[in-house]
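The values are calculated or read from the model by the stated rules, or taken from the named source; none is laboratory data. Keep in mind it's a predicted model, so treat the numbers as computed, not measured. Neighbour counts are summed over all protein chains in view; Cβ atoms, including those assigned to glycine, are modelled from backbone coordinates with ideal geometry. The protein model used for the area step is the full one, side chains on, heavy atoms only, and it has no ligands, DNA or RNA in it. Shrake-Rupley method; radii C 1.70, N 1.55, O 1.52, S 1.80 Å.
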Amino acid sequence: MNGMRRYLKAAGVHAEIAPDKFTAGGWVLSLDGAEQSHVNFAHPEEIFYEYLRRIGNVVEVVAPAGSPITAVHLGAGALTLARYIAATRPGSAQVAVEVAPELPGFVLEALPLPAGSDVRIVADDARAALPHVAAPGTVDVVVLDVFTGVAAPAHLTEASFYGEAAQLLSPGGVMVVNVGDDAGLTFFADQARVMRSVFADVWCLADRQLLTGLHAGNLVLLGGRRPLPREWAASFEAAGPHPAGVLDGEGLGELIATR
């Protein structure tokens, strides 16, 4: 396949899937010319984008490779993380929610999921879908990947939304949120405060340079219904991508106190 282009009428965007120039077997999903997702179709267990690799590292500590998990993805994109979980944890039950109804079909036409994947696609708003994606207390990982800084949907930034998502989690489950933000990290700090009001423990994973607040980029917030295991910090620091910055609840509190 040389790639695909299509106008997604309901979303009002032009979507394109094209070969990646830098990774063999890699494909890039772009929306209106902006890169949105990367998939290594030949090796779905490999993740190219740094922030998604950090989210993959969270999956690694939640359950060992080969152990099926239950995952909910709010924001589907090219299903990069769903493919990763299906490849590394066969038998996992997953739900992917995407607000652009035509996007998953376009993606899967070009890049089908690995054989045997159990991924249910739901075309809906992320918050509206929450009551229907899984039974309360059954989900190991909820991933929210819809934010683009201040353009984020307001109803997905509220404490009540995080509270609804938290109810899906098993006792040891976690919610992982990708926050893209500008230098200064104002939006990131706001979301960190909201999550800290809902979850028992909230950490941050990011390139260490982003923690200075001098650069724009993607930071990952990790929330748990109970305190996160201390040994996870060393695992995240070792796993990278490097330089890997890991802030526990105290360190995150110190960072956002200045924002």
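At a glance:
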read-out: Selection count, region 55-86, where residues are within 20 Å of GLY26 (Cβ to Cβ) and open to solvent by 40 Å² or more (accessible area, probe 1.4 Å); value: 0
read-out: Qualifying helices (runs of 4 or more DSSP H) (wholly inside region 38-126; at least 1 residues being under 22 Å from LEU222 (Cα atoms) and out of contact with any strand residue (DSSP E or B) (no Cβ under 7 Å at 6 or more places or on another chain)); value: 50-62, 80-88
read-out: In region 181-197, the residues that are under 16 Å from GLY251 (Cα atoms) and in contact with a Leu (Cβ under 9 Å, 6 or more places away or on another chain); value: LEU185, PHE188, ALA189, GLN191, ALA192, MET195, ARG196
read-out: Among the residues listed as ALA238, ALA206, ALA192, ALA234, the single one being assigned to a helix (DSSP H, G or I), small (Gly, Ala, Ser) and open to solvent by less than 20 Å² (accessible area, probe 1.4 Å); value: ALA192
read-out: Residue that is farthest from the chain's Cα centre (by Cα), among those in region 89-100 that are under 25 Å from GLU35 (Cα atoms) and either among the β-branched types (Val, Ile, Thr) or open to solvent by less than 10 Å² (accessible area, probe 1.4 Å) (or both); value: VAL99
read-out: Residues (within 16 Å of PRO112 (Cα to Cα) and either open to solvent by less than 60 Å² (accessible area, probe 1.4 Å) or of a type in the set (Ser, Thr, Tyr) (or both)) located in region 2-35; value: GLY3, MET4, ILE17, ALA18, GLY25, GLY26, TRP27, VAL28, LEU29
read-out: Scope region 127-149; condition open to solvent by 20 Å² or more (accessible area, probe 1.4 Å), in contact with a Gly (Cβ under 9 Å, 6 or more places away or on another chain), outside any strand (DSSP E or B) and within 21 Å of GLN36 (Cβ to Cβ); matching residues; value: ASP145, VAL146
